[in-house]
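Dumping the structure here so I can ask a few things about it.
The values are calculated or read from the model by the stated rules, or taken from the named source; none is laboratory data. Predicted model only: the values in this text are computed from it and were never measured. All Cβ positions, even for glycine, are placed from backbone atoms using ideal geometry, and neighbour counts span all protein chains on display. The protein model used for the area step is the full one, side chains on, heavy atoms only, and it has no ligands, DNA or RNA in it. Shrake-Rupley method; radii C 1.70, N 1.55, O 1.52, S 1.80 Å.
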Amino acid sequence: MYNILLTDDERIMIDSLQFIIKKNFPDSMQIFTCLSGSDALALVAREQIDIIFMDIHMPGLNGLDTLKYITKTKPDTVIIILSAYDQFHYAQEAVNLGVFKYLTKPVNRNVVVETIRQAMQVVDKRRGLQSDTVDLHKKLDSVSSMVESDFIYSAIFGNGKDLSDYFDYFDISGSPWCFCTLEIPSIESKKTYDLYEKIRRICAARSHCIIGSCMLNRIVVFLSFPDTMTSTAQLNTELSELFLQLSISIGAGIRAGCSNLEHDMAKTGEAYIQSLERLSTVSPAGGIAFTAQQEKTAEDPGKIAGQIFGRIQAGDAAMLAPLVTSYCTAVADKYQGNMDRIKNALFELLVNIRNITAEINTTFTNDAFENAFSLLKNENNMENLERFIQNRCSDCAVAVMSVMSKQKNPIIQKAIEFINEHIAEDITLEQTAKAVQVSSFYLSKLFKEEKNQNYITYLTDLRMEKARELLQQGHISIKEVSAATGFNDQNYFSRIFRNKFGVTPTEFRDGAKKL
């Protein structure tokens, strides 16, 4: 049995591949599907995938960026690119990533079948090589893990103990290195070994690593690097990418503290303490603190304001929440907590976004803007002020989007009307296409051309805006809002809402009551 993953933002493409696979390999394939690169990463972390079909151009994390992470963490996976783009530089980058095949759409069914057969042969060969060494690895692992744990203990608690024998055993003499202390929330004792092995695989794929045993909910990792690792910037980049892979594979909430890059093995105890100190600075929600950075240059509020204006002019509410957060932070830093000057800057931003919106949507009115000055005057809590600004920016983006949608293709307009009428239902691209009397393939193509996003993304954004409007009323339960916007799973609804607006539905509703 082979596990195959089909990743494409076009549902019709996935359905076509599924049909071909089920017809030609009815008892050989377990099929997984994803509509985005980020979903593919999460699935690959959970499942043992043998073969992947991947589109290049997808919203968010594109296919090539997704494959960069997969090839590092799961190098034995057989990857096939299936893309509408045949430009040389795409194919060249795919080859550099070790892609098995690069196919361009539309592709002949026979080509797909033959490519899968060849991929299965590659998987069989790799499985054979792995099975020959698995018994040896098991025997070595039982010994090596004990030696590694002993090295970690001696390095951090040995008080200057001679570690030269360990250096020779692990072949790490003279290499630059650092300590990283990982803290994983809620480790179940029966899953400790699996977690240990997963961390080992991910770290070993990026550097020469020695891993200590799990102590409560912490694991200490010694990372040794090639001599080309010479700067703090290089180390921070490597640690950031490693932390991202750990987070994707293990889950959110991981905390990590890392020491400086060192060469002197007499400093192992100091480096371990340094990693603990940095771990203590990481938020309980998760994150990584690593080597000392150069002082961060303060962000320019004017530049961020320009980005906010651009998003509103484009009718794009999705990216406003992080921009508004950055703007409020930048203003607070610039004026060093002087609330009068901060409020003046926020009020100026509100005036500008209202004027921009009124130029595009001449019928735009919003009572909250009329009361903005008095609210800013009486409110001194930055979180409440930021929430108020975010709400007004979203109002403006929606008002602009409503005008832009009326200027689009009549088929798209009719599809939007159908979506609005059935937004509380589980409506698919096929159902919408049938309602406007076009093929699902053509409607999907129109959405990309007219909206610059696929059908699923547009539908999700629309549902989020509807949810925001309902929550602003302040008296509707989260369960009711979730159902009214077509989400059967309340937890999934809350996660999507927070990803878009930066706050949970409950926090948003409670903030709306205050304002």
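Could you tell me the relative contact order of the chain? Use alpha-carbon pairs under 8 Å, at least six residues apart, and round to a whole percent. Present the calculation step by step, with values, prior to reporting the outcome.
Numbers: 657 pairs, mean separation 46.6, N = 515.
Worked out over the chain, it gives 9 percent.
Looking at this model, which pairs from Lys101/Lys434; Lys23/Lys448; Lys68/Lys303; Lys72/Lys198; Lys105/Lys448 are more than 25 angstrom apart at the alpha-carbon?
Details: Lys101/Lys434 35 Å; Lys23/Lys448 30 Å; Lys68/Lys303 32 Å; Lys72/Lys198 13 Å; Lys105/Lys448 17 Å.
Flagged as over cut-off: Lys101/Lys434; Lys23/Lys448; Lys68/Lys303.
Right, another one. What does the accessible area of Arg463 come to, in Å² to the nearest 10, when a probe of 1.4 Å is used?
Ignoring ligands and nucleic acids, Arg463 comes out at about 20 Å².
Please calculate the 1.4 Å probe accessible area of Glu383, with all protein chains present, and give it to the nearest 10 Å².
Glu383 has an accessible surface of roughly 130 Å² with all protein chains in place.
Express the carbon and sulfur contribution to the solvent-accessible surface of the stretch 372-513 as a percent, rounded to the nearest whole number, probe 1.4 angstrom.
Values: 3330 of 7040 Å².
Carbon and sulfur: 47 percent of the exposed surface of the stretch 372-513.
In whole Hz, with x marking every Gly and Pro, tabulate ³J(HN,Hα) for the stretch 226-232 from phi via Karplus 6.51 cos²θ - 1.76 cosθ + 1.60, θ = phi - 60°.
Going residue by residue, I get x, 5, 6, 7, 10, 10, 4 Hz, with x marking Gly and Pro.
While we're on this one: Would you mind checking the tilt of helix 320-334 against the longest principal axis of the Cα atoms of the chain, expressed as 0 to 90 degrees and rounded to 10?
80
Take the alpha-carbon centre of the stretch 1-27, take the same for the stretch 206-243, and report the distance between them in whole Å.
38
Compare Met58, Met146 by solvent-accessible area with a 1.4 Å probe and give them largest first, with all protein chains kept in place.
Values: Met58 15, Met146 125 Å².
Final ranking, largest accessible area leading: Met146, Met58.
Pop a pseudo-label 7 angstrom from the Cα along the beta-carbon direction at both Glu197 and Asn380 and give the gap in nm to one decimal.
It works out to 5.8 nm between the two label points.
Go through the stretch 197-202 residue by residue and turn each phi into a ³J(HN,Hα) via Karplus (6.51, -1.76, 1.60, θ = phi - 60°); whole Hz please, and just put x for glycine and proline.
Along the stretch 197-202, the couplings run 5, 5, 5, 4, 4, 5 Hz.
Of Ile342, Val111, Gln307, which is farthest along the charge dipole of the chain in the positive direction, counting Lys and Arg as +1 and Asp and Glu as -1 at C-beta?
Val111
Based on alpha-carbon centroids, what's the gap between the stretch 97-111 and the stretch 481-503 in Å, whole number please?
Taking the Cα centre of each part, the stretch 97-111 and the stretch 481-503 sit 37 Å apart.
Excluding ligands and nucleic acids, what accessible area in Å² is computed for Ile411 using a 1.4 Å probe, to the nearest 10?
50
Using label points projected 7 Å from each Cα along Cα→Cβ, tell me how many nm separate Thr362 and Thr228, to one decimal.
6.1
A follow-up question, please. Just the number please: accessible area per residue for the stretch 321-411, 1.4 Å probe, all protein chains included, in Å². All intermediate terms of the calculation are to be shown ahead of the outcome.
Numbers: 4700 Å² over 91 residues.
That works out to 52 Å² per residue.
Next question. Given Ala204, Asn236, His263, which one lies farthest toward the positive end of the charge dipole of the stretch 194-275, if we put +1 on the Cβ of every Lys and Arg and -1 on the Cβ of every Asp and Glu?
Ala204
Taking the Cα atoms only, what angle lies between the long axis of helix 490-501 and the longest principal axis of the chain, rounded to 10 degrees?
So the inclination is approximately 80 degrees.
Taking amide H positions as placed 1.01 Å from N in the peptide plane, with prolines and chain starts having none, which residues 5 or more places from Leu103, or on another chain, fall under 5 Å of its amide H?
For Leu103, whose amide H was placed from the backbone, the distant partners under 5 Å are Ile81, Leu82, Ser83.
Would you mind checking which residues have amide H under 5 Å from Tyr2's amide H? H placed 1.01 Å from N; only 5 or more apart, or other chain.
Correct list: Met29, Gln30.
FRET efficiency for Asn371 and Phe441, Cβ-Cβ distance as r, R0 = 45 Å, nearest 0.05?
Values: r = 48 Å, r/R0 = 1.07.
Using R0 = 45 Å, I get an efficiency of 0.40.
Tilt of helix 339-360 relative to the longest C-alpha principal axis of the chain, in degrees (0 to 90, nearest 10)?
60
Now, a different point. If I model a spin label as a point 7 Å beyond the Cα along the Cα-Cβ vector, how far apart are those points for Glu348 and Ala205 in nm?
Each label point is offset 7 Å from its Cα along the Cβ direction, giving 4.8 nm.
Would you compute, from DSSP H runs of 4+ residues alone, the mean residue ellipticity of the chain at 222 nm, taking -39500 (n - 2.57) per run and dividing by the full residue count, rounded to the nearest 500?
Using -39500 (n - 2.57) per qualifying helix, the result is -19500 deg cm²/dmol.
Which percent, nearest 5, of DSSP beta bridges in the chain are antiparallel?
On the way: 17 of 38 bridges.
Antiparallel: roughly 45 percent of the beta bridges in the chain.
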